[in-house]
Amino acid sequence: MNSVSSGSRSERRASAGRLMRIVRDPTALFGVLVLALLVSAALFAPLIAPLDPNKQDLAARLLPPFYAEGGSSQHLLGTDQLGRDVLSRIVHGARISLTIPLVSVTLAGVFGTAVGLLAGYRGGKADAFIMRIVDTLFSFPGLLLALTILAVVGPSFWTLAIVLSLRIWMVFARMTRGLVLSAREAEYVEAAALVGASPVRIMLRHIAPNLTAPLLTLAVLESAHVILSEAALSFLGLGIQPPQTSWGLDVAIGRQYVFSAPWLIIFPGLAIAVAVLGINLLAGWLRVAADPQESAKRFAAAADAPSAWSG
Amino acid sequence: MGRYLLKRLSQAVLVVISVMVVVFVVTRLIGDPVAVMLPLEATEENRALLEAQLGLDRPILAQLGDFVVDAVRFDLGDSLWQRRPAMDVVLERLPPTLVLVAAGFAFGVLLGVVIGVVSGMRPGGWVDRAAVTLGLLGVSLPQFWIGLVFIVFFSVGLGWFPTSGSGGIEHLVLPAVVLGLPVVGRIALVTRSSMIDELNAQHVKDATGRGVSRTRIVLVHAMKGAGIATITIAGWELIGVLAGGAVVVETVYAWPGIGFTAMQAIERHDIILVQAVVFVVAIMVVTINIIVDVAYTMLDPRVKFDRVS
Amino acid sequence: MIRSDHLLEIRNLEVVFPTRDGTVQAVRGVSFTVDAGESLGVVGESGSGKSTLARAALGLIELPGRIAGGEILWRGRSLLDKRAARRIRGREISMVSQDPMASMSPILTIGAQMTEVMTRHLDIGKKKALTRAGDLLEKVGIPDPGRRLGQYPFEFSGGMQQRVVIATALSCDPMMLIADEPTTALDVTTQAQILELISSLQKDLGLALVLITHDLGVVAGACDLLKVLYAGQIVESGTADQLFHRPRHPYTAALLRSTPRLDAKADRLMAIDGHPPDLRHVAGGCSFTPRCPHATTRCVSASPVLQPSGPDHEYACWNPLNDRAVQEPPMGRGRA
């Protein structure tokens, strides 16, 4: 008992030390700062955005950004074909572009983890059956199927969030199952079972703590994928619909003016890129922090996690 | 080997059928295909006519059975937009997609492996840092956006390549590069990671001690091991390119393949044509999976066909 | 070229590994020589620097580790020169390491891994190399070598795989074999067979042998001369007979007491109390002081140097054990 409590105490101390280390790691710090910036933009959009994102001003149509000739300080990143302020649209777009991954990953994470726990803990036929379904879903043509579903059901915030979570829950299920299987093998879990601890208690007290760090890392990583998927679907016209705004949708709108007003696609696209990059840097760092063996490899961590991601 | 392949093939057929069942359930039960297909001003008679034409007035299970049986016979029905068998349209548009996917995937894998091997040989060096940054950008930049930025920069700005469409090799360059960029990123990062693992493995250290040359260690010992690890990822990437990237890139560059066709069909509410595209892509995806599994088994002596579940 | 009449001469070797928490001084001023056909045993606990010593002798110290001082001479030529070391590795000096299963690539055939060394160092083609590989396998006691060459390491048992590793090490007719814990990963019966194989090959081929181990029982029968390594330094050196019967250094004596023997007299094994010192923070004085039952204040303040105690016998201790502490020798395993 003693050794257990001292172990968790030193673990807590280690995680505090890890938090200190993120400050010293420039790339991870960059990722965290970028994300903090984008999240606060999303939270306080009405306060931060200089203008109403949907306010049209036909007199000020297709104004270039401030640095270009004809640009003004009133519209720092220019205006679109209806005279709407690009910067304000990006700030407001952060709300949906960041809420979608939050919702989708939460849905997928909760469902996938539950299924993985069930498969890993029950084992046997239930496990084989569940994993067969999961494997089958991994072979589905991801984005294309999502497009089809959205085209038939009709795109909206919630259909988009659900369709995107349907594409990734298997990743959580597979990882949870793997973690449960290896945790069950651990001696202290076997010992707990021998002394008659109930399955629920074993699950909560002994197995669950082993799942948190890897699943959180996976959730961070998957939210990068969801942002990119949402952007792609909105770009293709099957994601977020006007009058709502999202970065992918803004690129789609700007596409018609790509030759005359390239800033309409450049800046919303940059917002997507920066958000995804920040998340990937954070995910890579989290993985290294959780597994010292990975530290030699550094950022590579972000990419080689299994994923249903495509496109 | 034969029994293994047979097993995998039957699994593949099962996957394709389940994809089609999902498509069926979504289109017939959750969505209202007739409403999607008809213009807004359609009358009740138009509706009834289309329902009868599509057989939607029959019991749902009978519909499902027919749908699956027809699909297995490669009969997906007539495209509403083109008014001819949807499979014909898809097979006609398939070659451009295959050309684009082959070019983009080859570019992505070749460049990715080269970058991964070179950077994995010296982790932490400047080559490695540059490669990791490039890899991270490859997986972080939205593909449709790179496509548009490339059009702005290379087509409009420099005038090197046409902005869209198909034709000669000059039409292929931009879409193939854009399609391959995320592949470069992920393959480079994965290859790098496995190269580092391999080069730090005891057997590589001992091979050095036995007097095996560095060149042979990198090219034979480490690269064969890393290749086995990379091939699975490459399979996923090919599936991603085919089922996701191609749709996006073909749309950006108006490349006349099945992805672009699917988007056109969606715009024209031609659900049947969309289903045909999904069907063909699903078949290609399961085929790729089988090829990857077989390649993996042949490359890695530790895995035997009879042991693969 | 520096003059040296020995096959291998190591002079005052110092190897360091910088880490985040300080520099580890893994080898601290070790000197010894090996002559043609001679067999030397290097004995020490894990962390004593014995494996580092072996790797250094092959020019295999990897960054961030480096050789901070001293000289390694192979037939009078310095092996600190990486290019010279590359030419000699596998050709004139070969190595057998601890875990045979991890020692060869799991995805290349035995044949490929045996011939790749030969085609590089010997002037022979692939076909000839393969024939030779088959002969070598037969020589180390692997039946049906023709079939075995096409197999992968995982298709061999640990002992068989170690025979393959030994055969590969001998493939270019080296003058010296360095075996780093060659039997540790094997089960006891196999250990004896492998030791016997190494000993007989050494004698048959006139090889020089450096046998590195933590187990005094292993070197008892196999080596002419033993070096006891502690905390990166040689603390005692002598013939097996001298060290087993008249150890002068308390560490050697403690090591003997912790080695299993088959005679009835020693009815229990004595573990050595305490831990080896932290080589990141090496204090002055004798490193064994904290664990030594005979330590005095002098041991803390000054480092003892090796001093002779008869022919071939040296020790580094201020308060050496005297001759009356007669020890029974451990039963040698694999005596040829």
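Brief remarks on what is shown
- Lone qualifier among B:Leu189, B:Leu172, B:Leu179 - being at the interface with another protein chain (Cβ under 7 Å from one of its Cβ atoms) and in a helix (DSSP H, G or I): B:Leu189
- Residue match in the stretch B:110-132 (condition: touching a residue at least 24 places away in the same chain (Cβ under 8 Å), within 11 Å of chain A (Cβ to nearest Cβ), of a type in the set (Lys, Arg) and out of contact with any Phe, Trp or Tyr (no Cβ under 9 Å at 6 or more places or on another chain)): no
- Those residues of the stretch C:1-22 which are surrounded by fewer than 17 Cβ atoms within 10 Å (Cβ to Cβ) and of a type outside the set (Asp, Glu), in sequence order: C:Met1, C:Ile2, C:Arg3, C:Arg11, C:Asn12, C:Pro18, C:Thr19, C:Arg20, C:Gly22
- Restricting attention to the stretch C:118-137, the residues that are more than 9 Å from chain B (Cβ to nearest Cβ) and within 20 Å of B:Ala222 (Cβ to Cβ) total 1.
- Lone unmet requirement of (1) in contact (Cβ under 8 Å) with a residue 60 or more places away in the chain; (2) under 22 Å from B:Met263 (Cα atoms) for A:Leu181: (2)
- Qualifying positions in the stretch A:237-248 - surrounded by 24 or more Cβ atoms within 10 Å (Cβ to Cβ) and either under 14 Å from B:Val252 (Cα atoms) or free of Cβ contacts under 8 Å to residues at least 60 places away in the same chain (or both): A:Gly248
- Taking the criterion of being modelled with pLDDT of 90 or more, surrounded by 22 or more Cβ atoms within 10 Å (Cβ to Cβ) and under 22 Å from A:Val276 (Cβ atoms), the residues of the stretch A:169-217 that qualify are A:Trp169, A:Met170, A:Val171, A:Phe172.
- Residue check for B:Leu148: under 22 Å from the mean Cα position of the chain (by Cα), within 12 Å of chain A (Cβ to nearest Cβ), free of Cβ contacts under 8 Å to residues at least 60 places away in the same chain and part of a helix (DSSP H, G or I): no
- Test for C:Ala167: is it assigned to a strand (DSSP E or B) and out of contact with any His (no Cβ under 8 Å at 6 or more places or on another chain): no
- Top-ranked residue in the stretch C:309-336 [being farther than 29 Å from C:Ile194 by Cα and surrounded by fewer than 16 Cβ atoms within 10 Å (Cβ to Cβ); ranked as modelled with the highest pLDDT]: C:Pro311
- Subset tally (residues that are surrounded by fewer than 24 Cβ atoms within 10 Å (Cβ to Cβ) and either more than 8 Å from every other protein chain (Cβ to nearest Cβ) or touching a residue at least 40 places away in the same chain (Cβ under 8 Å) (or both)) for the stretch A:255-269: 6
- Scanning the stretch B:202-241 for residues that are assigned to a helix (DSSP H, G or I) and hydroxyl-bearing (Ser, Thr, Tyr) gives B:Thr208, B:Thr215, B:Thr230, B:Thr232.
- Subset tally (residues that are assigned to a loop (DSSP other than H, G, I, E, B), at pLDDT 80 or above and either surrounded by fewer than 19 Cβ atoms within 10 Å (Cβ to Cβ) or more than 28 Å from the chain's Cα centre (by Cα) (or both)) for the stretch C:295-308: 4
- Strands (runs of 3 or more DSSP E) fully within the stretch C:1-117 that include at least 2 residues being out of contact with any Gly (no Cβ under 8 Å at 6 or more places or on another chain) and within 14 Å of chain B (Cβ to nearest Cβ): C:93-96.
- Condition check for B:Arg47: part of a helix (DSSP H, G or I), in contact with a Leu (Cβ under 7 Å, 6 or more places away or on another chain) and basic (Lys, Arg): yes
Conditions tested, residue by residue: (1) without any contact (Cβ under 8 Å) to a residue 60 or more places away in the chain; (2) of a type outside the set (Gly, Ala, Ser); (3) farther than 28 Å from C:Thr33 by Cα.
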{"residue": "C:His275", "(1), (2), (3)": "yes, yes, yes"}
{"residue": "C:His281", "(1), (2), (3)": "no, yes, yes"}
{"residue": "C:Gly284", "(1), (2), (3)": "yes, no, no"}
{"residue": "C:Phe288", "(1), (2), (3)": "yes, yes, no"}
{"residue": "C:Arg291", "(1), (2), (3)": "yes, yes, yes"}
{"residue": "C:His294", "(1), (2), (3)": "yes, yes, yes"}
{"residue": "C:Cys299", "(1), (2), (3)": "yes, yes, no"}
{"residue": "C:Pro304", "(1), (2), (3)": "yes, yes, no"}
{"residue": "C:Pro311", "(1), (2), (3)": "yes, yes, no"}
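- Residue match in the stretch B:254-270 (condition: at pLDDT below 90, in a helix (DSSP H, G or I) and surrounded by fewer than 21 Cβ atoms within 10 Å (Cβ to Cβ)): yes
- Evaluation of B:Asp300 against the conditions (1) surrounded by 18 or more Cβ atoms within 10 Å (Cβ to Cβ); (2) at pLDDT 90 or above shows that the sole unmet condition is (2).
- If you go through the stretch B:68-104 and pick out every residue that is of a type in the set (Lys, Arg) and either in contact with a Phe, Trp or Tyr (Cβ under 7 Å, 6 or more places away or on another chain) or not in a loop (DSSP other than H, G, I, E, B) (or both), you end up with 1.
- The residue pairs whose first member lies in the stretch A:41-63 and is within 17 Å of A:Leu76 (Cβ to Cβ), whose second member is β-branched (Val, Ile, Thr), and whose beta carbons are closer than 6 Å, counting only pairs six or more residues apart or on different chains, are A:Ala41/A:Ile48; A:Ala41/A:Val91; A:Ala45/A:Val91; A:Ile48/A:Val91; A:Ala49/A:Val91; A:Pro53/A:Thr245; A:Ala60/A:Thr79; A:Leu63/A:Thr79.
- Cβ pairs under 8 Å, 6+ apart, first in the stretch A:197-214 and within 15 Å of A:Glu185 (Cα to Cα), second assigned to a helix (DSSP H, G or I) and aromatic (Phe, Trp, Tyr): A:Pro199/A:Tyr121; A:Met203/A:Tyr121; A:His206/A:Tyr188; A:Ile207/A:Tyr121
- The stretch C:150-200 - residue that is of a type in the set (A, V, I, L, M) and away from every other protein chain (no Cβ under 14 Å) and, of those, surrounded by the fewest Cβ atoms within 10 Å (Cβ to Cβ): C:Val188
- Test: residue in the stretch A:125-141 that is in contact (Cβ under 8 Å) with a residue 12 or more places away in the chain, within 25 Å of A:Gln241 (Cα to Cα), part of a helix (DSSP H, G or I) and within 14 Å of another protein chain (Cβ to nearest Cβ): no
- Of all the numbered requirements in (1) more than 18 Å from the chain's Cα centre (by Cα); (2) within 27 Å of A:Arg255 (Cβ to Cβ); (3) of a type in the set (Phe, Trp, Tyr), B:Trp126 misses one, and that requirement is (2).
- Restricted to the stretch C:194-263, the set of strands (runs of 3 or more DSSP E) holding at least 1 residues that are more than 23 Å from C:Phe288 (Cβ to Cβ) comprises C:208-213.
- Residue check for B:Thr215: within 14 Å of chain C (Cβ to nearest Cβ) and surrounded by 20 or more Cβ atoms within 10 Å (Cβ to Cβ): no
- When A:Gln244 is tested against (1) more than 11 Å from chain B (Cβ to nearest Cβ); (2) of a type in the set (S, T, N, Q); (3) closer than 18 Å to B:Leu136 by Cα, just one condition goes unmet, and that condition is (3).
The values are calculated or read from the model by the stated rules, or taken from the named source; none is laboratory data. What you see is a predicted model; the values in this text were computed from it and never measured. Methodologically, a virtual Cβ is constructed for each residue, glycine included, from the backbone with ideal geometry; neighbour enumeration extends over all protein chains shown.
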